[in-house]
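Okay, so here's the structure we're looking at.
The values are calculated or read from the model by the stated rules, or taken from the named source; none is laboratory data. Note that the structure is a prediction, hence the values are computed from the model and not measured. Glycine gets a Cβ as well: all are built from the backbone with ideal geometry, and neighbour counts include every protein chain shown.
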């Protein structure tokens, strides 16, 4: 058995990348390898690129898992016909709510369900259990649960250092999209800093404003500009190791998303000893990390408590280990691995 995780290599066409897809694939591959499943990660440009790599491969590829629905259905069908002994899975990387931002993805998702009905080696999958259950109940179609996995080194994670004064650094990272709820995150960060009477650095990712993201960023700027001891830090595109170091520099992360399927930033925080305030959409996180997404003061209350809790990221690490364990079992069931 040999598995390929294939994601679209946006970095080949412009100065930024869908870094989350690549990082998710690398982490998932590391975890699967650790459990005896041979797995490679292929950044690809097109269906033709994927086909060429399959033709050149010296190994028998049993499964190709394509991150996100983006390959045209006719081309997916052609690949499935050309490689009848390889299973092709289209893994939707968002929960239902985010699909409103991806009309073409919805179209391809529905076409993949039809292709699966008429073939033996095309499958629809999702990295959110909630998404997969929705597909089954709403369409009566199968949907394999293939979640993002996060590789955790065997060495102990850095301990959480409770805030002890000085400049307060709070990060709300990820693509600038309305569904990330960054305005509420910024409002909560401002309240936390004022309550603690601490200078604030509020960190946002820069370079990926999508689907109204520029409007969101403009509103955040308007709220924070001119306030004494408040600085908006825009963090440009970084490699994943560089981004991990940026995360480690924070006292707290805010990820109150309206919809998610995993949220890599929260997992990066766990790995670096930094807790996150999250929404119920990030279901794997500890329950006491979760706040009401439409109550900014609830987000700030949870954030203040986590900042001073020395056991916060220990709880996060336990929750992430539990999630990964269940995720590996799902892959093994799908791949029929022992």
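Does residue 241 count as touching a helix residue (DSSP H, G or I) at 6+ places or on another chain (Cβ under 8 Å) and more than 26 Å from residue 95 (Cβ to Cβ)? Here the answer is no, as residue 241 does not meet what is asked.
Residues being at pLDDT below 95 and part of a loop (DSSP other than H, G, I, E, B): count how many of those fall in the stretch 20-35. Final tally of qualifying residues: 0. Residues in the stretch 115-162 that are more than 22 Å from residue 24 (Cβ to Cβ), buried (at least 18 other Cβ atoms within 10 Å of the Cβ) and in contact with a helix residue (DSSP H, G or I) (Cβ under 8 Å, 6 or more places away or on another chain): 115, 121, 160.
How about the stretch 163-172: which of its residues are at pLDDT 95 or above and surrounded by 16 or more Cβ atoms within 10 Å (Cβ to Cβ)? Answer for the stretch 163-172, where residues must be at pLDDT 95 or above and surrounded by 16 or more Cβ atoms within 10 Å (Cβ to Cβ): 168, 169, 170, 171, 172. For the stretch 275-301, a residue qualifies if it is in a loop (DSSP other than H, G, I, E, B), in contact with a strand residue (DSSP E or B) (Cβ under 6 Å, 6 or more places away or on another chain) and more than 11 Å from residue 319 (Cβ to Cβ), and the qualifying residues are 280, 291. Would you check if there is a residue in the stretch 71-85 being surrounded by fewer than 20 Cβ atoms within 10 Å (Cβ to Cβ), closer than 26 Å to residue 180 by Cβ and in contact (Cβ under 8 Å) with a residue 24 or more places away in the chain? Checked against the condition, which is being surrounded by fewer than 20 Cβ atoms within 10 Å (Cβ to Cβ), closer than 26 Å to residue 180 by Cβ and in contact (Cβ under 8 Å) with a residue 24 or more places away in the chain, the stretch 71-85 yields no hits at all. When residues in the stretch 187-206 are screened for being in contact (Cβ under 8 Å) with a residue 40 or more places away in the chain and either surrounded by 15 or more Cβ atoms within 10 Å (Cβ to Cβ) or in the same structural domain as residue 23 (by TED's automatic domain parsing) (or both), 8 of them pass. Residue count for the stretch 236-274 satisfying the condition of being assigned to a loop (DSSP other than H, G, I, E, B), buried (at least 21 other Cβ atoms within 10 Å of the Cβ) and more than 14 Å from the chain's Cα centre (by Cα): 3. Pairing residues of the stretch 95-116 that are not assigned by TED's automatic domain parsing to the domain that holds residue 132 with residues that are assigned to a loop (DSSP other than H, G, I, E, B) and surrounded by fewer than 20 Cβ atoms within 10 Å (Cβ to Cβ), at Cβ distances under 7 Å and at least 6 apart in sequence or on separate chains, gives no pairs at all. Against the conditions (1) assigned by TED's automatic domain parsing to the domain that holds residue 255; (2) assigned to a loop (DSSP other than H, G, I, E, B); (3) touching a residue at least 24 places away in the same chain (Cβ under 8 Å), residue 232 satisfies every one except (2).
Hey, can you tell me all the residues within the stretch 155-182 that are part of a loop (DSSP other than H, G, I, E, B) and under 28 Å from residue 210 (Cα atoms)? 173, 174, 175, 177, 181 - these are the residues of the stretch 155-182 that are part of a loop (DSSP other than H, G, I, E, B) and under 28 Å from residue 210 (Cα atoms). Looking only at residues in the stretch 327-337 that are free of Cβ contacts under 8 Å to residues at least 40 places away in the same chain and either assigned by TED's automatic domain parsing to the domain that holds residue 270 or over 14 Å from residue 87 (Cα atoms) (or both), the one that is nearest to the chain's Cα centre (by Cα) is 329. With respect to the conditions (1) surrounded by fewer than 21 Cβ atoms within 10 Å (Cβ to Cβ); (2) under 22 Å from the mean Cα position of the chain (by Cα); (3) at pLDDT below 95, residue 183 lacks only one, and its number is (3). Taking the criterion of being surrounded by 15 or more Cβ atoms within 10 Å (Cβ to Cβ), out of contact with any strand residue (DSSP E or B) (no Cβ under 6 Å at 6 or more places or on another chain) and not in a helix (DSSP H, G or I), the only residue of the stretch 209-225 that qualifies is 211. Does at least one position in the stretch 308-331 carry a residue that is under 20 Å from residue 204 (Cα atoms) and in a helix (DSSP H, G or I)? Looking through the stretch 308-331, none of the residues is under 20 Å from residue 204 (Cα atoms) and in a helix (DSSP H, G or I).
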